[in-house]
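Okay, structure first, notes after.
The values are calculated or read from the model by the stated rules, or taken from the named source; none is laboratory data. Just so you know, these numbers come straight off a predicted model, no measurement behind them. With ideal geometry, Cβ positions are generated from the backbone for all residues, glycine too; neighbour counts draw on all protein chains shown. What goes into the accessible areas is simple: the full protein's heavy atoms, side chains included, and nothing from ligands, DNA or RNA. Shrake-Rupley method; radii C 1.70, N 1.55, O 1.52, S 1.80 Å.
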Amino acid sequence: MDLATLQALEPNEYQQAADGYRATSEMAGTAKETIDNKISAGIRNQLRGETADAALRELKKLSKNFHYVQAECALVSTALDGFAFDLAVAKQKLEAALEDARATNCTVGPDGSVNYPAGGKEADGKTPEGGTVPPGVTPADPMVVAVDRQAANINPNPNFGKAIELAYRVGDALKEATDADAKWAPKLRALKADDDLVVSNRDWTDVTSDTDGVRDAGKNYLDSLPHPPQGDSPKDNKVWWDQLTPQQQADYLSVHPDSIGAMDGLPATVRDQANRTVLDETHAQAQLDYEDWLKKHPEPKRYENYFNPMTGTEVKGALVETQEWKDWDKARKKARGGLDGMEAIQKHFDTSTGEDARPYLLGFDTKNRGHAIVSIGNPDTADNVVTYVPGTGANLNNIDGDINRAQALQAKAQYLDPSHSTASLLWLGYDAPQSLVGDAAYNTSFADHAREPLSNFLTGIDTAHDGPVNSTLLGHSYGSLVAGETMRDHPDLPVDNAILVGSPGAGVNHAKDLHIGADHVWAATAKNDLVNLVPPPAGTLAPLNPMAYWRLFNDHSIMYGNDPTSDDFGGQTFHVADGKPPTWSGKVPAHSQYWDGDSLENMAKIVTGGRP
C-alpha cells in the first residue's frame, strides 16, 4: 500500500458495500421465513399427495439455499465493515501525520520520504541545513529507533528529529493499511460458494470456518463496538443489544451466533436466527463425522444361525444377531452423537403448519448431554407463555417427545382460548438425571445447577416481551424439583402459575414457599404413577427413629419435601386420568401420560388463566 493509494481510499465505500451485502442477507432471511412459514405451511394445511410432497422437498432445498445465503452474506458484510474500520484507522493516522508535517514546514513526498527545512542555531554564520528522511521507516526495531533518536539528539537541526518521528508515523500508517489488505483479502476470497445449487454439509462446515476467520480478523473492529455485559443479567443484555445499531447487531450476530443465541433478554427472533445457524453448522459437522466413521467401520455380518444351547444342534430357519454386529451397532449409535436430537428439532421446523404455532429455537448446544430450548409460538408477543421443564431421562437425543408435549399443550391452549395467543416452551437448558436409581433418587445436584439458568431464562422471556404476559412454569417428574427450587430461591421470578405433575417433590414443604400464592400452585399425580410410592429420604429411616416409619406411610413426605398433591402442601390439585398400570418389563406409562385427555385440557386451562 503506497501513500497515494491510502490517501485516495474511501473506507465508507466499503461500508456501503457492507450495507448492500447485509441487505441481501436480510432479504434471504425474509425469503426463507416466507417459504417455511407461509408457502410450505400453506401446502401442508391444504394439500396432500405425491405432488405436494415433491413440492415440499424442493421448497426445503430452496429454504436451505436462502439460509446459506443469509449466513454467508452476513459474514461478507461483517468482513467489509472490519476491513473499512482497519483502513479508516490507518488513514486517520496518515492524515494526522500529514497535518503535523504541514504545521512544522515539513513535506511528505509521494514515496513517503519526509523533507525537513533548515533550522537551529547558527554555527560559523550558517543555519544547519535541511534534508530528507528516506521512506519506509517504521519503529518496529527498538535498536533502530534508539539509533535514530540518538542521531536526532546529535543533529544540530531540530527539524531532523521531527522528520524522523513523522517518517515513523507515515510508515506505520502505510504498514497498517498494507497489513489490513493482506489480512482481509484471503478472508473475503474464502467467502465464496460452490458453483452449484446444492447446499451440502461441506458448505455448512465452510460457514463455520468462515465465521472463525472473519471473527479473528475483525477483532479490532469488534473490540471497538460496545462490549456485551459480563454477567448473566437479561436486562443488561437487552440494554446492550438495544444500544447497538442495526449494522452492529448484524455483525455481532454473524460472527457470534452461539453467544447471541444463548443471551437471555434478547428478542426471540434474534435468538432463533442465531441458534438455527449453530444447529445447521453443528449438524453438518456431526453428519460428516458419522459418515467418516461408517467408512472406517463397515457393517459386519448381522445374523448367524441359531444353535440350541441344550442340544448344540442348529435350529433350521432360526437366526440371531451376532455379537460382533451388536458391538458395532452400539458403537454406531455412539458415533451418531446428537444427530438424532438435531434431526428431531429440524423435523419440527420442516413440519410447521402456521405462524401461530411455528417453532423458535431459543437455545442449542451439544455440551455434555446436549441442550435445547424450543418455543412453539413467539414468546415475545404471546398473551400466555408456559415453560415446560422435563425430568429424568431428558437429553438432546430423545428431545422429540418433549417437543411434542410442548406442541400438544400449545394446540390445546389455543383451542380453549382462541382470542389469546399462547407460546409453549420446552426448556431443556440443564443436564437432567438419566436414571431414577443411579442419578435422580435423593440427589438435588442436577436441580441445583439448573436454578440460575432457568431463572435467567424466565426473566429474559419477561424482559423481551412486548407487554404484560401470563406466565406459567410447568415441571414434570424431576423437572418439578428444578421448577420448585428455582421459584423457592428467586422470590421475584416473573411466574404467575406453577404446575407440578408426576412430582417427587418440589424442594419445599408448602406451596406458599414458591412465592406466587398457594392458589396459583397446581399439582397432579396419576393413580398408577409409581412416583406415588416414592419414600421419604433414606436418612430418616434410621432403625432407632420410630417417627421415620410413620412418615414412610403417611401422605405428606416424599423424596424432595411434602407431596405437592397432599393437603399438607397446601396448593391446588386437578384431575388427571389414572394412567396405564406398570408393565412387567418395568415401564411406567402413567408417568408420561399427563399430555393426554383430561390432564392436557386441565393444564391448558391453567395456562390460559382459567381453573380446571
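The Asp289 and Ala52 beta-carbon pair, evaluated with R₀ = 35 Å, returns a calculated FRET efficiency of approximately 0.55.
Packing, as the average of other Cβ atoms within 10 Å across residues, places the peptides 327-339, 352-364 in the order 352-364, 327-339, highest first.
When you count the other C-beta atoms within 10 angstrom of each residue and take the mean per peptide, 288-296, 35-43, 467-475 line up highest first as 467-475, 35-43, 288-296. Shown here for the stretch 404-466: chymotrypsin sites (Phe, Trp or Tyr not before Pro) in loop regions (DSSP other than H, G, I, E, B) with at most 15 other Cβ atoms within 10 Å, namely Tyr442. Farthest towards the positive end of the charge dipole of the chain, among the residues Ser455, Ser233, Gly130, is the Cα of Ser455, using unit charges on the Cβ of Lys, Arg, Asp and Glu.
Gain on full extension, evaluated as 0.36 nm per residue between Tyr303 and His449 minus their Cα-Cα distance, stands at 48.0 nm.
Sorting 401-414, 231-244, 181-194 by average packing, meaning the other beta carbons within 10 Å per residue, from highest down gives 401-414, 231-244, 181-194. Using alpha carbons only, how many degrees (0 to 90, rounded to 10) separate the axis of helix 142-154 from the longest principal axis of the chain? With rounding to tens, the tilt is 30 degrees. Overall, the stretch 1-100 carries a charge dipole of about 960 debye about its Cα centre when +1 sits on the Cβ of Lys and Arg and -1 on the Cβ of Asp and Glu, all other atoms neutral.
Counting only protein heavy atoms and a 1.4 Å probe, the stretch 383-466 has 36 square angstrom of accessible area per residue.
For the chain, what proportion of DSSP beta bridges, expressed in % and rounded to the nearest 5, is antiparallel? Expressed as a percentage, antiparallel bridges in the chain total about 50. Please work out which option in (1) 62, 31, 26; (2) 51, 36, 25; (3) 36, 31, 20 gives semi-axes √(5λ) of the Cα gyration tensor in Å calculated from these coordinates, and answer with its label. Evaluating semi-axes √(5λ) of the Cα gyration tensor in Å on these atoms matches (1). How far is helix 339-350 tilted off the main Cα axis of the chain, in degrees rounded to 10, range 0 to 90? The helix 339-350 is inclined about 90 degrees to the chain.
Only protein heavy atoms count here; on that basis, with a 1.4 Å probe, Val270 has an accessible area of about 20 Å².
Quick check: the angle from helix 478-489's long axis to the longest principal axis of the chain, C-alpha only, nearest 10 degrees? That helix lies at roughly 60 degrees to the long axis. Evaluated over the stretch 277-357, the count of Lys pairs having alpha-carbon atoms less than 27 Å apart is 19 (only pairs 8 or more residues apart or interchain).
Here the relative contact order of the stretch 417-482, from alpha carbon pairs under 8 Å that lie six or more residues apart, stands at 33 percent. Each helix, a run of at least 4 DSSP H residues, gives -39500 (n - 2.57); summed and divided by the residues of the chain, these come to -16500 deg cm²/dmol at 222 nm.
Ignoring ligands, DNA and RNA, please state the percent of accessible area on the stretch 416-533 from carbon and sulfur, probe 1.4 Å. That share works out to 52 percent.
The magnitude of the dipole of the chain, with charges of +1 and -1 set on the Cβ of Lys/Arg and Asp/Glu and taken from the Cα centre, is near 1160 debye.
Placing +1 on the Cβ of every Lys and Arg and -1 on the Cβ of every Asp and Glu, with nothing else charged, gives the stretch 276-427 a dipole about its Cα centre of roughly 500 debye.
Which FRET efficiency value, to the nearest 0.05, do you get for Thr353 and Asp2 by plugging their Cβ-Cβ distance into 1/(1 + (r/R0)^6) with R0 = 60 Å?
Working: r = 61 Å, r/R0 = 1.02.
The pair Thr353/Asp2 has a calculated efficiency of 0.50.
When you restrict to C-alpha pairs under 8 Å that are six or more residues apart and normalise by the size of the chain, the relative contact order lands at 10 percent.
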